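All remarks here apply to the structure that follows.
The values are calculated or read from the model by the stated rules, or taken from the named source; none is laboratory data. For clarity, every value in this text was computed on a predicted model and none was experimentally measured. Note that we place each Cβ from the backbone using ideal geometry, even for glycine, and neighbour counts take in every protein chain shown. The area values use the complete protein model at the heavy-atom level, side chains included, leaving out ligands, DNA and RNA. Shrake-Rupley method; radii C 1.70, N 1.55, O 1.52, S 1.80 Å.
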Amino acid sequence: AQSVSQHNHHVILSEAASLELGCNYSYGGTVNLFWYVQYPGQHLQLLLKYFSGDPLVKGIKGFEAEFIKSKFSFNLRKPSVQWSDTAEYFCAVNARRDDKIIFGKGTRLHILP
Amino acid sequence: DAMVIQNPRYQVTQFGKPVTLSCSQTLNHNVMYWYQQKSSQAPKLLFHYYDKDFNNEADTPDNFQSRRPNTSFCFLDIRSPGLGDAAMYLCATSRGRTPTGGMSEAFFGQGTRLTVV
């Protein structure tokens with residue numbers, strides 16, 4: 001069965017620091033990939049997605065992610081974080097052979113002002 | 001605004017008393033998902049509908065059932081809630097399969113937090 005691993009459960013950074021959150025998935029076939037963000041008290045919102053083409057995808061609020069097929073990874077990055085980026089971040093994968101979207105455990109990001 | 005709406009936001013039920021959670025969408029999406037999320041855990045897929053086709057996850061307890069009477073509405077029924085069923089329940093929708101293959105992104109509701117007493 002497919003699974004998603006997010007290595008960092010809790011990350012604390014100062015404003016203007018660079019961010020990279022790891023995401024690996026376990027499925028050998030073709031996948032669609034997603035990053036979601038959940039701000040305190042709000043619902044899950046899509047940050048960015050990868051279906052095909054350029055493996056470096058840009059999303060909202062200055063976030064980007066790179067799909068590295070050989071490493072089964074889809075890491076999320078932001079060059080300079082802001083206090084308002086404090087939230088929980090979830091990586092998700094869809095194996096194209098089926099209709100499921102499977103989520104990782106999430107990473108809580110706390111930005112110090 | 002088109003959206004996914006879950007009612008109620010908070011539900012308290014008694015141990016063993018059937019409870020129904022509801023989800024509606026104005027996006028006219030083909031797919032509706034139900035996830036269970038416990039503290040510090042990944043949202044766990046319980047089941048989903050692709051149009052009228054129902055897909056149950058192998059490890060979803062028999063206690064959990066779902067109905068989708070039309071495109072807009074989907075219900076999660078818990079026949080005999082136990083203390084272990086206390087969680088946040090998330091409903092999500094998706095347009096379905098993309099032209100390049102696989103599923104399009106999911107749109108989520110606010111969730112229903114279920115407490116079992």
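A:His110 exposes around 80 Å² of accessible area when a 1.4 Å probe is run over every protein chain in place.
Ranking B:Arg9, A:Arg108, A:Arg77 from most to least accessible surface, computed with a 1.4 Å probe over the protein chains only, gives A:Arg108, B:Arg9, A:Arg77.
With a 1.4 Å probe rolled over the protein heavy atoms of all chains, the accessible area of A:Lys58, A:Lys49, B:Lys52 falls in the order B:Lys52, A:Lys58, A:Lys49, largest first. What the pair-distance distribution of chain A shows, using all Cα-Cα distances binned every 10 Å from zero, is 15, 50, 29, 6, 0 percent. When both the stretch A:67-86 and the stretch B:38-56 are represented by their alpha-carbon centers, they are found 26 Å apart.
The string of couplings for the stretch B:88-93 from the Karplus curve (6.51, -1.76, 1.60, θ = phi - 60°) is 8, 10, 10, 9, 9, 10 Hz, one whole number per residue in order, with x for Gly and Pro. Taking both sides together, the accessible area buried where B meets A is about 1900 Å² for a 1.4 Å probe. What the Cβ-Cβ distance of B:Asn7 and A:Ala16 gives, at R0 = 45 Å and to the nearest 0.05, is a FRET efficiency of 0.65. Value of Rg to Rh for chain B, rounded to two decimals, is 0.96; Kirkwood radius and Rg both from alpha-carbon coordinates.
Note on the protein assembly as shown: lysine pairs with Cα distance below 17 Å, sequence gap of 8 or more or different chains, count 11. The share of accessible area on the stretch B:35-117 that comes from carbon and sulfur is 50 percent, using a 1.4 angstrom probe. Can you bin every Cα-Cα distance in the protein assembly as shown into 5 Å intervals starting at zero and give me the percent of pairs per bin, rounded to whole numbers? Values per bin, smallest distances first: 1, 7, 14, 18, 19, 16, 12, 7, 4, 1, 0.
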